[in-house]
1. Among 59, 180, 13, whose mean-square fluctuation peaks in a Gaussian network model of the chain (Cα, cutoff 10 Å)?
2. Counting only DSSP beta bridges with both residues in region 52-154, tell me the antiparallel percent, nearest 5.
3. For residue 79 and residue 13, compute 0.36 nm times the residue count separating them, minus their Cα-Cα distance, and round to one decimal in nm.
4. With the Cα gyration tensor of region 179-253 in hand, convert its eigenvalues to equivalent ellipsoid semi-axes via √(5λ) and list them largest first in whole Å.
5. From the cross-link list 84/144; 173/201; 54/236; 22/54, which pairs have alpha carbons spaced over 18 Å apart?
6. Where does the chain land on Rg/Rh, using Cα atoms and the Kirkwood Rh?
7. Return the distance in nm (one decimal) between the two label points of a simple spin-label model at residue 201 and residue 120, each offset 7 Å from Cα along Cα→Cβ.
8. In units of 2.2 N^0.38 Å, what is the alpha-carbon radius of gyration of region 38-161?
Amino acid sequence: MKPIIAMLTDFGYRDGFVGAMKGVILGINPEAQIVDISHEVEPFEVFQGALLLKAHYSYFPKGTLFLCVVDPGVGSERLPLVVKAGDYTFVGPHNGIFDFAIQSMGEEPQAYKIESHTLSKVSQTFHGRDVFAPVCAYLSKGLKPQEVGRQIDYKFTIYWEEPKMEKGWLIGKIVYFDRYGNCITNLPCGNYVEGSFREQKLSIASHFLLGKRGIPSLICGSFGLMELFLPMDSAKKKLKIRLGEEVRVRTHA
């Protein structure tokens with residue numbers, strides 16, 4: 001099987017940054033199979049990138065390399081890393097982008113500071129192209145992580161906030177909006193009988209078309225988390241929902 005490199009960035013497509021990274025990778029390893037997870041992470045939003053990586057990494061074959069660049073600290077003292085965790089390898093900045101995925105594995109990561117196998121000229125502003133892409137390409141050709149640089153301690157910098165139980169209600173909050181305006185919470189999917197948002201009772205739906213137009217409901221979404229939605233509409237826009245708003249669920253009436 002061809003080596004798989006899965007990319008996740010906040011670069012978008014307008015400025016050619018993604019294409020340049022792919023060009024570097026293919027110049028080093030023309031056999032690499034490059035897959036886009038997303039390049040539409042909100043600019044600078046490391047938390048969002050970490051959430052998307054956690055939601056999707058496990059659906060890739062064992063041995064996949066994840067090239068993840070949401071890097072507001074590019075050019076600063078934050079370290080460039082290769083991280084081996086579970087059956088996967090992650091390449092990118094040491095700023096929390098890998099934290100949720102690694103935490104979900106429950107295994108101790110092995111981290112290596114990138115000190116070699118970069119392009120000969122490294123810009124101050126585009127380590128995705130000049131540092132992470134070439135290193136990822138060489139790893140896809142069989143380079144071992146320990147050959148990139150010395151091993152260092154991996155430090156978690158962001159943590160997944162777990163919901164809290166209060167008077168029979170599991171209390172969570174909205175952490176992400178998808179492109180449909182559905183509101184993803186930090187509440188894990190479960191056998192809930194009802195929910196609550198802004199003191200309004202919410203029903204638990206089995207698909208997105210259930211419920212009345214304009215009336216929010218909750219559903220177990222593809223992230224493995226409960227989502228607040230409006231049938232055939234954007235809950236975010238229609239209800240002017242903000243990140244961090246509280247959502248409650250309970251397993252008995």
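1. 59
2. Roughly 80 percent of the beta bridges in region 52-154 run antiparallel, per DSSP.
3. Full extension from residue 79 to residue 13 adds 21.2 nm.
4. Three semi-axes, in Å: 17, 13, 13.
5. Those over the limit are 54/236; 22/54.
6. Values: Rg = 20.1 Å, Rh = 19.5 Å.
Rg/Rh for the chain comes to 1.03.
7. About 7.2 nm, to one decimal.
8. Values: Rg = 13.3 Å, N = 124, 2.2 N^0.38 = 13.7 Å.
That works out to 0.97 for region 38-161.
Computed from the coordinates by the stated procedures, all read-outs in this text should not be read as laboratory data. What you see is a predicted model, and the numbers here were worked out from it, not measured in a lab. Ideal geometry is used to build each Cβ from the backbone, glycine not excepted, and the neighbour counts take in all protein chains shown.
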